[in-house]
1. Filter the range 105-116 down to residues that are touching a Phe, Trp or Tyr at 6+ places or on another chain (Cβ under 8 Å) and among the hydrophobic types (A, V, I, L, M, F, W, C) and give me whichever is surrounded by the fewest Cβ atoms within 10 Å (Cβ to Cβ).
2. Those residues that are surrounded by fewer than 14 Cβ atoms within 10 Å (Cβ to Cβ), in contact (Cβ under 8 Å) with a residue 12 or more places away in the chain and closer than 25 Å to residue 126 by Cα, I need them from the range 18-52; list them, please.
3. For residue 86, work out the one condition from (1) within 21 Å of residue 17 (Cα to Cα); (2) out of contact with any Pro (no Cβ under 8 Å at 6 or more places or on another chain); (3) touching a residue at least 24 places away in the same chain (Cβ under 8 Å); (4) open to solvent by less than 80 Å² (accessible area, probe 1.4 Å) it doesn't fulfil.
4. Spot the failing condition for residue 22; the list is (1) part of a helix (DSSP H, G or I); (2) charged (D, E, K, R); (3) out of contact with any Leu (no Cβ under 9 Å at 6 or more places or on another chain), and only one is missed.
5. What number of residues in the range 164-211 are among the polar types (S, T, N, Q) and without any contact (Cβ under 8 Å) to a residue 12 or more places away in the chain?
Amino acid sequence: MNYIYDILLNFQKEFYEFYEWDNNDEIIHIRKIPFFRISSRDLKNIKNSVVKFDKDFCEKIYNKTEKFKKVKVSFLNYVCLLSDGKQVISVKLGKNGVVNYKSSLLLDEEEEIAEMAFDLKLYDIKYTIMDTNPICFLTRHERDSLRLASNKLKLLYNQKEDDKLRFLYLECFDESEDDINKIFQRLQLEVENNQKNTSKIIDFFKIISQK
């Protein structure tokens, strides 16, 4: 088996490019990790879909990844690196073989490892596509802002802060509405679909959080 040594990974449920890593993320210093060259088609599927690897592959990589942990080394159960010679991603599987977390690499480390992939034999990786992730053109910061706004709307609704919801509705749509359920649903749709009033909703919560 081929291995890569001494790299940094940032496992998240959603795949983020290295320039979207956040200061609050848990960056893992990897000592040793198994490395496979796969086809570009397979890499695209794994990167953009929810996939499940077969049992043999899970057994192949089990406890083969080591990470630095202060004065000792610990093991990660189902982790590996995958590359098509252009891109490199790391995946972290559950014991059932489903990819739960993904990580990009720092740019210089990705370039170096991608070049190394050309010296490897193409690995015929076996997996099942369970679901596809919709293509998202938003940055990580924008996605986080939308999630936060949606959660705050739910909080206002559950806490029966009707006056605030009505005020926000008037600000967004320049019209009044008595039915608080309709108000909440329309504001939520505005955020979920990232419509023109989304920025007003986000700004509203920024203002009231400062008071």
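The values are calculated or read from the model by the stated rules, or taken from the named source; none is laboratory data. A quick note: this is a predicted structure, and the numbers were derived from the prediction, not measured. Reconstructed Cβ throughout: ideal geometry from the backbone, glycine too, with neighbour counts over all protein chains shown. Heads up: the accessible areas ignore ligands, DNA and RNA and are worked out on the full protein's heavy atoms, side chains in. Shrake-Rupley method; radii C 1.70, N 1.55, O 1.52, S 1.80 Å.
1. In the first step, residues of the range 105-116 are kept if they are touching a Phe, Trp or Tyr at 6+ places or on another chain (Cβ under 8 Å); the result is 105-107, 110, 113, 116.
Next, from what is left, pick out any that are among the hydrophobic types (A, V, I, L, M, F, W, C): 105-107, 113, 116.
Details: 105: 25, 106: 16, 107: 11, 113: 19, 116: 15.
Applying the filter and picking the extreme gives 107.
2. Correct list: 40 only.
3. Failed condition: (4).
4. Of everything listed in (1) part of a helix (DSSP H, G or I); (2) charged (D, E, K, R); (3) out of contact with any Leu (no Cβ under 9 Å at 6 or more places or on another chain), residue 22 misses just condition (1).
5. Step one: filter the range 164-211 for residues among the polar types (S, T, N, Q), giving 176, 181, 185, 188, 193-195, 197-199, 209-210.
From what is left, the residues that are without any contact (Cβ under 8 Å) to a residue 12 or more places away in the chain are 176, 181, 185, 193, 195, 199, 209-210.
Result for the range 164-211: 8.
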